[in-house]
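A short worksheet on the structure shown next.
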Amino acid sequence: SLPVDTIRILADRHPKPANIRFTYGTAGFRTLGSTLDSVMFRVGILAGLRSKKLDGKTIGVMVTASHNPEPDNGVKLVDPRGEMLEAAWEAHATNLANAPTTDAFIEALENLVKIAKIDLSKPSRIVYGRDTRPSGPSLVAALEDGFQAIGASVRNAGVTTTPILHYLVRSINTKGTKDEYGIDSEEGYMQKLSTAFKKLVAGKPASPPLIVDCANGVGAQAVDEIIKYLGDSLQLIPHNTATTTPGALNNACGADFVKTTQKLPPSLAQFLKPGQRACSFDGDADRLMYFYLDERGQFRMLDGDKIAALVAAFIVDLVKAAGLEEEIKVGIVQTAYANGGSTKYLSDRLPVKCVPTGVKHLHHAAEHYDVGVYFEANGHGTVLFSPDTQETLAAHQPSTPAQSTALNHLVNLTQLINQTVGDALSDMLLVEVVLAHKSYSGAEWDSLYVDLPNRLVKVVVSDIHIFKTEDAERRLVSPPGLQAKIDELVRRYEAGRAFVRPSGTEAVVRVYAEAMVRAQADELAFRVAGLVY
Ligand code: 16G
Ligand code: ZN
């Protein structure tokens, strides 16, 4: 049975604040770090139970609030294959987090053990990490009390990126099996990525140096590390690496700043020369945005949609060149935020599926393809090679040297790409491989298709719960009548498209609009926002 006495003593040290309701949403629990102590403790116990439920497989716990402001923090669980926590357990997490007292919490735990049929005699194993936020250490201490309360065996991965934590989880759980994912250490990760990268760019002319905006977050550490492994195969110039400067994290820099403001981080202005490319990570290094200045010095953004287009086209070409066109089909997964220009470009060439926002939706849809390329416009994404596809690649006998080369490239891509989750570092290396192979400049990549001007606005409403969507969040079913009004507005704009959805991470409603010209996209967004308000 549950070690109730130990749990009680420790739980009393982490009381739930009254009047706050916590929700395990798209990004786990995420809110002001100063309110999360009890949540961390309880998540520690939940992680232990999740591991017991899965026969002692290692579960990951990541403490981060990603691109959010520095005072925010959060926590999410990682399932054994390095994926997001199974949806049914999100409700268990929310339930435990909101029990008002220690007694109510213990009762909720006993209930969970019963309904989820958890065998408490099984071992529990956990690996955990955190980003660079100042609230991290004390929140991790609360989490560790939770681990102790449930008697879990734990491994502390320290300050690390979200994708490295996902990598560790999968590597630990596949260790010694035929599916071994990688050596279960940060060095193992760096070695795996850099080895694959060097093979993929061998013989290609060296690319010009790449500026990397680390958002003053944990990505700075990962970039510093990978530089040691890359040697002269790629020259990286890290910027915004001030991980200990209060208030610097994600402030006027990083992938979310670039995407939402569609502007160059001011801190890079004096360094970026026209024609030179650069990229931004977010605060936990799972999102990536590229950009460059054109010859007139204008800022040009290359977002997740552009990355998807670049990468998908490259993989399709390699599959063809390897003589595997019939066996391996490549498909794309996007969300409603994908620019209409990208959707048109991609769906003329490949199957494209649209799913609701959030990595778990994209990831699961991508698993249905032989090679599934998924990227959110915000820069979070990866490529999944199905188990069958990996076997096909391993078994295929190329009949020409050209086929053999293409096949090797595909195999190396399966090693370069972090297939557990979006990974800024791995995705950056992937983009650099494609650019090197195609000898593309930023401008040439950009010209694959033209982005429609677009605008995203957030609207604070009294109750976001009345907003309900269908058709992968592209249409509202509630409040009644609102979608018809949006349709009526959209019709008046050339290439107009707009949708409204409740945020899964903030108490706001988001409005997205695009149209043929900038002023029209802005106008449409603000008029739709006016309908919502
Ligand atoms: C979270 C999601 C991200 C999504 C964003 C949308 C994960 C790991 N992250 O950050 O994929 O784009 O939420 O936020 O799933 P929103 O619901 O507030 O628009
Ligand atoms: Zn992130």
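The values are calculated or read from the model by the stated rules, or taken from the named source; none is laboratory data. Only a predicted model underlies this, so the values are computations on that prediction, with no experimental measurement involved. Backbone-built Cβ (ideal geometry, glycine too); neighbour counts: all protein chains shown.
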Legend entry - Test: residue 472 is within 16 Å of ligand 1 (Cβ to nearest atom), part of a helix (DSSP H, G or I) and surrounded by 13 or more Cβ atoms within 10 Å (Cβ to Cβ): no
Legend entry - Candidates 204, 228 - the one that is surrounded by fewer than 24 Cβ atoms within 10 Å (Cβ to Cβ), in a helix (DSSP H, G or I) and touching a helix residue (DSSP H, G or I) at 6+ places or on another chain (Cβ under 9 Å): 228
Legend entry - Conditions (1) under 30 Å from residue 197 (Cα atoms); (2) assigned to a helix (DSSP H, G or I); number of the one not met by residue 484: (1)
Legend entry - Tally of residues being touching a strand residue (DSSP E or B) at 6+ places or on another chain (Cβ under 9 Å), surrounded by fewer than 24 Cβ atoms within 10 Å (Cβ to Cβ) and hydrophobic (A, V, I, L, M, F, W, C) across the range 30-60: 1
Inset, instruction - State whether one or more residues within the range 426-434 are within 15 Å of ligand 1 (Cβ to nearest atom), in contact with a Phe, Trp or Tyr (Cβ under 7 Å, 6 or more places away or on another chain), at pLDDT 95 or above and of a type outside the set (Gly, Ala, Ser). - result: no
Inset, instruction - Residues that are over 24 Å from residue 470 (Cα atoms) and at pLDDT 95 or above: find the helices (runs of 4 or more DSSP H) completely inside the range 275-391 holding 3 or more of those. - result: 304-321
Inset, instruction - Take residue 243 and decide whether it is touching a residue at least 60 places away in the same chain (Cβ under 8 Å), surrounded by fewer than 16 Cβ atoms within 10 Å (Cβ to Cβ), polar (S, T, N, Q) and in contact with a Leu (Cβ under 9 Å, 6 or more places away or on another chain). - result: no
Inset, instruction - May I ask you to say which residue of 365, 322, 309 is without any contact (Cβ under 8 Å) to a residue 40 or more places away in the chain and crowded, with 21+ Cβ neighbours inside 10 Å? - result: 365
Legend entry - Subset of the range 439-460 (residues that are crowded, with 16+ Cβ neighbours inside 10 Å and of a type in the set (Val, Ile, Thr)): 457, 459
Inset, instruction - Please state which one of 413, 435, 429, 425 is of a type outside the set (Asp, Glu) and within 15 Å of residue 306 (Cβ to Cβ). - result: 435
Inset, instruction - Evaluate the following for residue 254: is it of a type outside the set (A, V, I, L, M), on the phi > 0 side of the Ramachandran plot and more than 16 Å from ligand 2 (Cβ to nearest atom)? - result: no
Inset, instruction - Return yes when residue 145 is at pLDDT below 95 and either within 24 Å of residue 65 (Cα to Cα) or more than 16 Å from ligand 2 (Cβ to nearest atom) (or both) and no when it is not. - result: no
Inset, instruction - Within the range 86-103, identify whether any single residue is in contact (Cβ under 8 Å) with a residue 40 or more places away in the chain and in a strand (DSSP E or B), and answer yes or no. - result: no
Inset, instruction - Say whether the condition of being free of Cβ contacts under 8 Å to residues at least 40 places away in the same chain, over 22 Å from the mean Cα position of the chain (by Cα) and not in a loop (DSSP other than H, G, I, E, B) is met by at least one residue in the range 176-186. - result: no
Inset, instruction - Could you list, in sequence order, all residues of the range 344-360 that are free of Cβ contacts under 8 Å to residues at least 24 places away in the same chain and either buried (at least 20 other Cβ atoms within 10 Å of the Cβ) or of a type outside the set (Lys, Arg) (or both)? - result: 347, 348, 351, 352
Inset, instruction - Just name the residue that is surrounded by the fewest Cβ atoms within 10 Å (Cβ to Cβ) out of those in the range 137-154 that are more than 19 Å from residue 53 (Cα to Cα), out of contact with any His (no Cβ under 6 Å at 6 or more places or on another chain) and among the small types (Gly, Ala, Ser). - result: 141
